[in-house]
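This report concerns only the one structure given below.
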Amino acid sequence: MKNGKQRTAIVAGGAGFIGSHLCDALLADGFRVLCLDNLRTGRRDNLRHLARDPRFDLVEADVIAPVPAAISRNSVDLVFNLACAASPPQYQSDPEHTMLTSVLGTRNLLALAERKAARFLLASTSEVYGDPEVHPQAESYWGHVNPTGPRACYDEGKRAAETLTFDFERAGRVEVRVARIFNTYGPRMRADDGRVVSNVVTQALAGDDITVYGTGEQTRSFCYVDDLVDGLMRLMACRTSPDGPVNLGNPVELTVRELVTRVLALTGSRSRIVRKPLPVDDPQRRRPDIERARSLLGWSPRIALEDGLRKTIAHFAEEQAAALPALAVGFRAAREGAGLTAKAGAVTP
Ligand code: NAD
Ligand code: UDP
């Protein structure tokens, strides 16, 4: 509440993995939340627990189209733009839509924020750094993106979205925040979205082969979703404009093979590792420099990888058990083990 008035936040992409956790955090903070989502990669299931909350509504629409009246007729305080498929197979499955989502969607939501005098936050990405030649990546680095490759619809779309966002700010039209989000994981990721954490965990739990692309020596830095959402909330709330983008991610860097080793140990899985070709333009190294977030927001990740992976494994074990009741025994073992010491054999039918 602000001056006795309910504050309203729009979350575009709020039915997705990160967006649904952000809706939870905003509601917990007292906001009314209007989620705008086309449900392409998001799921109603991610929001089912909010169905009875009178302060929450889902408006099914595409951000490429003009913002629907169900959203624009409200007074609005904050606009979060998280709308965009984030996993490489998903954003590459309809590259034109991905590009337009970032460009037209961001323009439409910036215009909404301008009309409502609302603050705007863009969920940008570490992909704006491409396959980086500078390591770790600070916000001052301009990046190394292939503008014509299969990842460009996402990378260049987000770069254009950042450009638009800062153009609106420079013109004094909207107060903006831009978060460059690094690889984030946790409950409500889709089992089928093709990202490394969801793939490896679901494969390990099912006793299937673990797919490692390329040598597995490429690195990423994985941030647990609760930490990331805390960073987004702080960035939106910070009074002074950061005057540029802010990296949000966990600086603990590991190779894909190291990630697989951790997941195998935590699940007790005996899955085999199989090599698959490295996707085109797959970045070789990625680690955020988070000094700006530390100094501006007092933010740094708190959840250790092992703890985050345990919660994520429990989430996928639960989903697998719900999909196939025969797995329930393995799921119980996985939960009761707390340390998730259940053998993958136990969850394999
Ligand atoms: P997600 O696919 O789970 O969520 C994206 C949501 O946006 C989905 O609910 C989807 O249905 C919706 N959406 C997509 N296109 C839309 C459109 N045109 N109109 C309306 N809704 C649309 O992905 P996520 O991992 O939750 O990512 C959320 C945001 O964070 C994305 O913008 C992504 O680029 C950014 N990001 C995520 C990560 C990560 O590791 N998860 C890393 C960097 C940046
Ligand atoms: N990856 C992998 N096996 C998989 C899925 C992904 O080895 O089953 C690799 C992928 O090639 C990349 C890293 O893991 O090097 C992270 O991939 P993800 O799609 O999760 O995110 P992004 O490439 O966008 O950082």
Length gained if Arg262 through Trp142 is fully extended, taking 0.36 nm per residue and subtracting the Cα-Cα distance, is 39.9 nm
Counting only protein heavy atoms and leaving out ligands, DNA and RNA, the solvent-accessible surface of Glu156 at a 1.4 Å probe, in Å² to the nearest 10, equals 40 Å²
Diffing segment 173-188: the Karplus 3J(HN,Hα) column from phi (6.51, -1.76, 1.60, θ = phi - 60°), in whole Hz with x for Gly and Pro, holds 8, 8, 8, 10, 9, 10, 9, 9, 8, 9, 2, 10, 9, x, x, 5
Between Ala51 and Leu296, the two model label points (7 Å from Cα along the beta-carbon direction) sit apart by a distance in nm of 4.0 nm
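Tally Lys/Arg at +1 and Asp/Glu at -1 over every other residue whose Cβ is under 14 Å from the Cβ of Ile290; what's the total?
Details: positive: Arg180, Arg234, Arg286, Arg287, Arg292, Arg294, Arg302; negative: Glu139, Asp227, Asp230, Glu253, Asp289, Glu291.
Here the charged neighbours net out to +1.
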Accessible-area order for Ile273, Ile18, largest to smallest, probe 1.4 angstrom, reads Ile273, Ile18
With bins of 5 Å, the percent of all Cα-Cα pairs of segment 1-128 per bin from 0 is 2, 11, 23, 25, 20, 12, 5, 1, 0, 0
At q = 0.20, 0.23 Å⁻¹, the log10 of I(q)/I(0) for segment 82-188 from a Debye sum over equal Cα scatterers comes to -1.06, -1.27
Helix 106-116: inclination vs the chain longest Cα principal axis, degrees, rounded to 10, gives 50 degrees
Glu217 and Glu175 label points (each 7 Å along its Cα→Cβ direction) are spaced in nm at 4.9 nm
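Per 0.36 nm of contour for each residue apart, how much would the distance between Cys238 and Asp307 grow if the chain were fully extended, relative to their Cα-Cα spacing? Don't jump to the answer; show the numbers that get you there.
Values: separation 69, 0.36 × 69 = 24.84 nm, distance 2.83 nm.
Residue separation times 0.36 nm, minus the Cα-Cα distance, leaves 22.0 nm.
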Carbon and sulfur atoms account, in whole percent of the 1.4 Å probe accessible area of the chain, for 51 percent
For Leu264, the accessible surface traced by a 1.4 Å probe with all protein chains present amounts, in square angstrom to the nearest 10, to 30 Å²
Helix 152-170: inclination vs the chain longest Cα principal axis, degrees, rounded to 10, gives 30 degrees
Across Gly207, Gly30, Gly16, the residue with the highest GNM fluctuation in the chain (Cα network, 10 Å cutoff) is Gly30
The simple spin-label model distance between His135 and Arg73, using points 7 Å out along Cα→Cβ, in nm, is 5.5 nm
One checks the Cα atoms of the chain and finds Rg and Dmax, in Å, of 19.9, 60
Expressed in angstrom and rounded, the centroid-to-centroid distance over alpha carbons for segment 239-297 and segment 180-227 is 10 Å
The helix 17-28 Cα axis meets the longest alpha-carbon principal axis of the chain at an angle in degrees, between 0 and 90 and rounded to 10, of 60 degrees
DSSP beta bridges in the chain: the antiparallel percent, rounded to 5, is 10 percent
Quick P(r) readout (segment 32-77; Cα-Cα; 5 Å bins; whole %) gives 5, 20, 30, 23, 17, 4
At 10 °C in a medium of viscosity 1.306 mPa s, segment 153-242 has a Stokes-Einstein diffusion coefficient, with Rh taken as the Kirkwood radius over alpha carbon pairs, in µm² per second, of 99 µm²/s
Most fluctuating of Asp155, Asp281, Asp230 in the GNM of the chain (C-alpha, under 10 Å) is Asp281
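The values are calculated or read from the model by the stated rules, or taken from the named source; none is laboratory data. Quick caveat: nothing in here was measured; it's all calculated off a predicted structure. For neighbour counting, all protein chains shown are included, and Cβ atoms are generated from backbone atoms with ideal geometry for every residue, glycine included. All accessible areas refer to the heavy atoms of the entire protein, side chains included, with ligands and DNA or RNA removed. Shrake-Rupley method; radii C 1.70, N 1.55, O 1.52, S 1.80 Å.
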